[in-house]
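Contents: one structure, followed by commentary.
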Amino acid sequence: MSHRENTRGVKAVRHKDYQAAIRHFNKAIVYDPHNAGALSNKGLIAYNFQAYDTALLYFNRALAANGDMAEIYDDRAMAEIAIRNYDSALADANKALQLQPKLVSAYFNKGMVNYLQGNYVASLFDFDNAILLNTHYSKAYAGRAMTYFKQGETDAALVDLNKAIALDSDNTDAYNNRGLVYDKLERYTAAMTDFNHALELDPENNVYRTNRGLTYYHQGRFKQALADLDKVLQKDPGFCSGYVIRGMVRNDNGDYEGALADFHAALAKNPKDGIAFCDMGYVEIRNNNLVQGCIDLQAAVDRGVSEANELIKKYCR
C-alpha cells in the first residue's frame with residue numbers, strides 16, 4: 001500500500017497537482033513511516049516551494065530510514081546550497097558520488113558549491129564531468145556558463161547559456177543567467193527580456209526579481225527598480241543583498257536617508273557584509289560625509305572587499 005501511494009504521488013507531481021501528491025505521500029508514510037522515497041518526495045515538494053528548512057527535515061528523515069540512497073543525499077545538497085550551508089552541501093554531493101559515481105546531478109551540485117565559493121577551476125571540472133556524463137543536461141551548461149562569466153569569458157558564457165536554453169526552454173536559471181551576462185554587456189533590452197521570461201516561469205523567485213531590479217537601476221529606471229526590490233524584501237526580510245542594492249537605488253533616486261537605513265539594515269543582519277560597507281562608504285562620500293565614508297570603506301577592505309581599496313586611494317588619501 002505504501003509503495004502504491006508513493007507511486008500515485010509521483011504521478012500527481014508530474015501533473016503539477018501538488019496537493020494531491022502530498023496527500024498520496026502522506027498516506028504512504030502512514031502505511032510505512034520508513035518509506036524513504038515518500039519522505040524524500042515530500043522534501044522535494046517543499047524545496048520547489050522554497051520551504052528549505054522543511055525540505056531538510058524530510059530529507060533527514062528519509063536518510064535516517066535509508067542511508068544508502070545517493071539521490072537523497074544529492075537532494076539534500078540542493079537544499080543546503082539554498083540556505084548557503086556549503087560545507088554540508090559539498091559533503092552530501094560527495095557522499096552521493098561515492099554511492100553512485102555517475103550521478104550527473106551530484107556533479108552539478110558540487111559545481112554549484114565550488115562556483116558559489118569562488119573555486120572556479122574546481123567548478124569547471126565538476127560541470128565538465130556532468131556534461132561528459134550527459135551532454136543534454138541543460139543545468140550543467142547554465143552553471144558552467146556562470147563560471148565562465150565570473151572569469152570574464154562572456155562569449156563562452158553566452159554559448160553555454162544558449163545551449164542550455166535550446167536543450168530546455170523552461171530552464172529558468174539559464175534565462176536569469178543570460179540576463180546577467182547581457183546586463184554586464186549593457187544589452188539591457190535583451191537582459192530585461194530574459195529576466196521577464198524567467199519570472200513568467202517562476203513568479204515568486206526573489207533572485208530573478210532582484211536581478212531585474214538591478215537592470216532597471218542600471219537603466220536609470222528607479223521607480224521600477226524600487227518596486228521589484230520592495231517586493232523582494234517584503235517576501236524575504238532577511239535578504240541582506242536586497243537591502244544593499246535598494247540602498248544604492250534609493251541614493252541615486254535622491255533618498256540619502258533611506259539609503260543609509262537600508263545599508264544599516266543589511267549590516268544589522270550580517271555585520272560581516274563587506275559589500276554593504278563598501279557601498280555605504282561610497283554613498284556617504286558622494287553625499288559629502290567624507291570621514292565616515294572612508295571609515296566604512298576601510299571596514300570593507302578589512303572584510304575582504306578589494307575594490308574598496310581603489311575608492312580609498314581616490315577619495316581618502
Given ILE22, LEU116, TYR141, which one lies farthest toward the positive end of the charge dipole of the chain, if we put +1 on the Cβ of every Lys and Arg and -1 on the Cβ of every Asp and Glu? ILE22
Once label points are set 7 Å from the Cα along Cα→Cβ at both ASP87 and GLN292, what is their separation, rounded to one decimal in nm? 3.6 nm
Over the range 135-222, calculate the relative contact order: mean separation of alpha carbon pairs under 8 Å at least 6 apart, over the residue count, as a percent. 22 percent
Tally of Lys pairs whose C-alpha atoms are under 19 Å apart, taken over the range 185-317, 8 or more apart or cross-chain: 4
Per DSSP helix of 4 or more residues, -39500 (n - 2.57); summed, then divided by the residues of the chain. What does that give at 222 nm, rounded to the nearest 500? -25000 deg cm²/dmol
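Can you tell me the FRET efficiency between ILE312 and LYS235 if r is taken as the Cβ-Cβ distance and R0 is 35 Å, rounded to the nearest 0.05?
Computed FRET efficiency for ILE312 and LYS235: 0.50.
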Cysteines of the chain lacking any other cysteine beta carbon under 4.7 Å? CYS240, CYS278
Points 7 angstrom from Cα along the Cβ direction at PHE49 and THR135: gap in nanometres? 4.0 nm
C-alpha center-to-center spacing [the range 252-317, the range 100-148] in angstrom: 35 Å
With a cut-off of 8 Å between alpha carbons and a minimum separation of six or more residues, what is the relative contact order of the chain in percent? 6 percent
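Read-outs throughout are calculated quantities, based only on the coordinates presented, and are distinct from any laboratory measurement. Note that this is a predicted model, so its numbers are computed, not measured. Glycine also receives a Cβ, built like all others from the backbone with ideal geometry; neighbour counts cover every protein chain displayed.
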